[in-house]
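Encoded as structure tokens, the structure appears first; notes follow it.
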Amino acid sequence: RIAYVNGTYQPHNNATVHIEDRGFQFADGVYEVWSVFDGKLADFEGHLSRLARSLTELRIPIPMTAQALGQVLKETIRRNRVRNGIVYLQVTRGTAPRDHAFPQDTPPSVVVTAKSLDLRKGEALAAKGAAGVTHPDIRWGRCDIKTVGLLPNALAKQAARERGAYEAILFDEMGMVTEGSSTNAWIVDENGRLRTRDTQANILRGITRAAILKLVEAEGIELDERAFSVEEAKRAREVFVTAASSFVMPIVSLDGTRIGDGKPGPIATRLREVYLEQARREAI
Ligand code: PMP
């Protein structure tokens, strides 16, 4: 495998950044993940504009033009011979003697990796439905910025894994679901209404979430962009999560409580199908 590191392509096994990279010492950086279909990037523009926003919010300089970045992503995909999988981009505030305050005139560090994924595995899980567990959301107040500060997310995902579950569904101090540890969360509530939390809340503005919102409208599905509680999720007809790497993943049990009839529901199944069809078709 090959990684892009600050302008050069290196063997993945010994690709390194400096010990005083601010990503390493302060989690002072942001990232994006694109899914790759047939060697092409899904929703290049969507992830690119969120990247620009994350960098701007943190006052990290934009490291290269959109065109140059597209080329680096493509070249990393090509060198790793990825047909289907993901490409990961990380931009940090760069390397400087350790000091909490920002360094001056330090170029950002840029790392890109790509890996192949077996689409059939995801399809098999989606056909069966995945397990979820709930976990308190202990993150900071700017979850709209896609930073590499993922320790609370990692702790939640680990708690899920230790209970044999695929995803941790996070909830706030009011018992309302915020999002998943690496996904946005949705339900079809007991009245049959599709719901997902609005992005005025402290959550990530998922690119997959945004794409699904458009498809929901095109499909004529009624939507209520409004928070739901853990209890409502457990009583829901359907629960599912969305992300660039897992598309639309039905959740068929939550903390061991069966959701609906314990099988992927019609809305999640339909949205996965139309999302994948569109993402493939529009990949560049
Ligand atoms: N929420 C969180 C906390 C995430 O980490 C992710 C994926 N990185 C998502 C939601 C889904 O976002 P996207 O659809 O842009 O992958």
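What follows is calculated from the coordinates using simple rules that are stated; it is not laboratory data. Quick caveat, the model's predicted, so the values are computed rather than measured. Using ideal geometry, Cβ is built from the backbone for each residue, glycine included, and neighbour counts are taken over all protein chains shown.
Worth pointing out:
- Residue tally, condition within 16 Å of the ligand (Cβ to nearest atom), part of a loop (DSSP other than H, G, I, E, B) and of a type in the set (Val, Ile, Thr), over the range 19-59: 0
- Residues of the range 4-49 that turn out to be aromatic (Phe, Trp, Tyr) and under 29 Å from residue 140 (Cα atoms), as a count: 5
- Being without any contact (Cβ under 8 Å) to a residue 40 or more places away in the chain, crowded, with 20+ Cβ neighbours inside 10 Å and not in a strand (DSSP E or B) is a property that holds for residue 69.
- Per-region count, the range 3-20, residues surrounded by fewer than 21 Cβ atoms within 10 Å (Cβ to Cβ) and under 14 Å from residue 110 (Cα atoms): 10
- Filter pass, residue 282 being within 16 Å of the ligand (Cβ to nearest atom), acidic (Asp, Glu) and buried (at least 17 other Cβ atoms within 10 Å of the Cβ): no
- The residue of the range 179-225 that is farthest from the chain's Cα centre (by Cα), among those that are among the polar types (S, T, N, Q) and more than 8 Å from the ligand (Cβ to nearest atom), is 191.
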